[in-house]
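**Student:** Got a structure for you, written out below as structure tokens; questions coming shortly.
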Amino acid sequence: MKLIRVKDYAELSEQACAYFMERLAAISNPVLGLATGSTPEGLYAKLIEKYNNKEISFKHTTTFNLDEYVGLPPEDVNSYSYYMHEKFFHHIDIPEENVHLLNGVAEDAKKECEAYEALMQKLGPVDIQVLGIGENGHIGFNEPGTPFSSRTHLVNLNESTIKANARFFDSIEEVPTQALSMGIGTILEAKAILLLVSGEKKAEALARLIDGEVNEDFPASILQKHPDVTVIADEAAFGKVRRK
Ligand code: F6R
């Protein structure tokens, strides 16, 4: 695991963008695994800048998002589909047919997950997977206790995740209690993983990721075993890490 320590969120976003620019230069038809949440917003904004400056094109890029809330249609402002289009896809030249998100209102969740897996097998593997981390160590929406071998599946969200995500909704009652998420086994098939960690709230999680054991109680810990993981974290997030 390569650790990059940066001063603050602005530098984190810059470094994440630099990572993308360098890696994408070497891939002609990249497949990206993308995350939502607060952490990658700055990365997407920086990539849009690069696109506007004609330094990069996404015409031949394919994307797969990590997860989606159950019960929210793509046009719902809190859906991850809406987030991705608002914050990234609408501002770049990626063809809509290259964009893949789980359908949170699919009639049959199991079938939806299996179809997503099949599509990833067909179009993948993912070249670069962007990840954030939950305060409880979740990656995607894989909560503590999820098997490391899990594939794309229906997830019951933990109380702590619902609370953490309530900031995006008008009230906590509106936060969906279930989601569809790539499994941990699915995520690990990406050739390279970029984990972004920002802020004091994530300090405990980052310390456990770096100093702790590999254990299904802490989903992100399995990243220690992946051959190509880069972690970019700011000083606030590094606050509790012991390893030099
Ligand atoms: C989002 C996702 C989640 C988030 C995590 C951190 O697609 O899969 O695992 O990455 O909850 O969220 P933020 O960045 O909002 O702190």
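**Student:** Could you count how many residues in segment 235-244 are part of a loop (DSSP other than H, G, I, E, B) and closer than 20 Å to GLY199 by Cβ?
**Tutor:** So the count comes out to 5.
**Student:** Please identify the pairs in which a residue from segment 199-216 that is over 16 Å from VAL231 (Cα atoms) and away from the ligand (no atom under 13 Å from the Cβ) has its Cβ atom under 7 Å from the Cβ atom of a residue that is open to solvent by 50 Å² or more (accessible area, probe 1.4 Å) and among the basic types (Lys, Arg), counting only partners at least 6 apart or on another chain.
**Tutor:** VAL214/LYS225
**Student:** Output the qualifying pairs, or none if there are none: Cβ atoms under 9 angstrom, residues six or more apart or on different chains, first residue in segment 220-233 and within 15 Å of GLN15 (Cα to Cα), second residue modelled with pLDDT under 95 and open to solvent by 20 Å² or more (accessible area, probe 1.4 Å).
**Tutor:** ALA233/VAL241
**Student:** While we're here: Criterion first (in contact (Cβ under 8 Å) with a residue 24 or more places away in the chain, open to solvent by less than 30 Å² (accessible area, probe 1.4 Å), more than 11 Å from the ligand (Cβ to nearest atom) and of a type in the set (Ser, Thr, Tyr)) does SER79 satisfy it?
**Tutor:** yes
**Student:** Another question, then. Could you please find all residues in segment 1-31 being free of Cβ contacts under 8 Å to residues at least 24 places away in the same chain and charged (D, E, K, R)?
**Tutor:** Applying the first criterion (free of Cβ contacts under 8 Å to residues at least 24 places away in the same chain) to segment 1-31 yields 18, 22, 25-26.
Passing the criteria: only GLU22.
**Student:** Step by step: first the residues of segment 40-71, then only those that are open to solvent by less than 20 Å² (accessible area, probe 1.4 Å) and part of a loop (DSSP other than H, G, I, E, B), then the one that is nearest to the ligand (Cβ to nearest atom). Which residue is that? Reasoning before the result, please.
**Tutor:** Applying the first criterion (open to solvent by less than 20 Å² (accessible area, probe 1.4 Å)) to segment 40-71 yields 40, 42-44, 47, 58, 61, 63-69.
Among the residues that remain, those that are also part of a loop (DSSP other than H, G, I, E, B) are: 40, 58, 61, 66.
Numbers: PRO40: 7, PHE58: 19, THR61: 18, LEU66: 4 Å.
Per the criteria, the residue is LEU66.
**Student:** Please state which of the following conditions GLU55 fails to meet, knowing it meets all the rest: (1) within 20 Å of TYR19 (Cα to Cα); (2) acidic (Asp, Glu); (3) in contact with a Pro (Cβ under 9 Å, 6 or more places away or on another chain).
**Tutor:** Only one criterion is unmet by GLU55, namely (3).
**Student:** Among the residues of segment 60-81, count how many are under 15 Å from the mean Cα position of the chain (by Cα) and either at pLDDT below 95 or not β-branched (Val, Ile, Thr) (or both).
**Tutor:** 9
**Student:** Those residues that are more than 9 Å from the ligand (Cβ to nearest atom), open to solvent by less than 40 Å² (accessible area, probe 1.4 Å) and more than 10 Å from the chain's Cα centre (by Cα), I need them from segment 121-135; list them, please.
**Tutor:** Applying the first criterion (more than 9 Å from the ligand (Cβ to nearest atom)) to segment 121-135 yields 121-129.
If we keep only those that are open to solvent by less than 40 Å² (accessible area, probe 1.4 Å) too, we end up with 124, 126-129.
Passing the criteria: GLY124, VAL126, ASP127, ILE128.
**Student:** Those residues that are more than 17 Å from the chain's Cα centre (by Cα) and over 24 Å from LEU47 (Cβ atoms), I need them from segment 93-112; list them, please. Talk me through it step by step, then tell me what you get.
**Tutor:** Pass one, segment 93-112, residues more than 17 Å from the chain's Cα centre (by Cα): 93-98, 105-112.
Of everything in segment 93-112, those that are more than 17 Å from the chain's Cα centre (by Cα) and over 24 Å from LEU47 (Cβ atoms) turn out to be VAL105, ALA106, GLU107, ASP108, ALA109, LYS110, LYS111, GLU112.
**Student:** Just give me the residues in segment 24-39 being more than 16 Å from the ligand (Cβ to nearest atom) and surrounded by fewer than 17 Cβ atoms within 10 Å (Cβ to Cβ), in sequence order. Steps first, answer last, please.
**Tutor:** Restricting attention to segment 24-39, the residues satisfying the condition of being more than 16 Å from the ligand (Cβ to nearest atom) are 24-31.
Selection gives ALA25, ALA26, ILE27, SER28, ASN29.
**Student:** Checking ASP8 against (1) in contact with a strand residue (DSSP E or B) (Cβ under 7 Å, 6 or more places away or on another chain); (2) more than 24 Å from GLY140 (Cβ to Cβ); (3) open to solvent by 70 Å² or more (accessible area, probe 1.4 Å), which test does it fail?
**Tutor:** (3)
**Student:** I've got another one for you. Of all residues being part of a helix (DSSP H, G or I) and touching a residue at least 60 places away in the same chain (Cβ under 8 Å) in segment 82-115, which is surrounded by the most Cβ atoms within 10 Å (Cβ to Cβ)? Just the residue, please. Give the steps one after another, and end with the answer.
**Tutor:** Applying the first criterion (part of a helix (DSSP H, G or I)) to segment 82-115 yields 82-87, 89-91, 96-98, 109-115.
Of the ones still in play, those that are also touching a residue at least 60 places away in the same chain (Cβ under 8 Å) are 109, 112-113.
Values: ALA109: 20, GLU112: 20, CYS113: 22.
Residue satisfying both the conditions and the ranking: CYS113.
Each row is one residue, and each column tells you yes or no for (1) buried (at least 24 other Cβ atoms within 10 Å of the Cβ); (2) at pLDDT 95 or above; (3) in contact with a helix residue (DSSP H, G or I) (Cβ under 8 Å, 6 or more places away or on another chain); (4) among the charged types (D, E, K, R).
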{"site": "VAL175", "(1), (2), (3), (4)": "no, yes, yes, no"}
{"site": "ALA179", "(1), (2), (3), (4)": "yes, yes, no, no"}
{"site": "GLY183", "(1), (2), (3), (4)": "no, yes, no, no"}
{"site": "THR186", "(1), (2), (3), (4)": "yes, yes, yes, no"}
{"site": "ALA190", "(1), (2), (3), (4)": "yes, yes, no, no"}
{"site": "GLU204", "(1), (2), (3), (4)": "no, yes, yes, yes"}
{"site": "ARG208", "(1), (2), (3), (4)": "no, yes, yes, yes"}
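The values are calculated or read from the model by the stated rules, or taken from the named source; none is laboratory data. Nothing here was measured: the structure is a model prediction, and the numbers come from that model. Every residue, glycine among them, receives a Cβ derived from its backbone with ideal geometry; neighbour counts consider all protein chains shown. Surface areas here come from the heavy atoms of the whole protein model, side chains and all, with no ligands, DNA or RNA. Shrake-Rupley method; radii C 1.70, N 1.55, O 1.52, S 1.80 Å.
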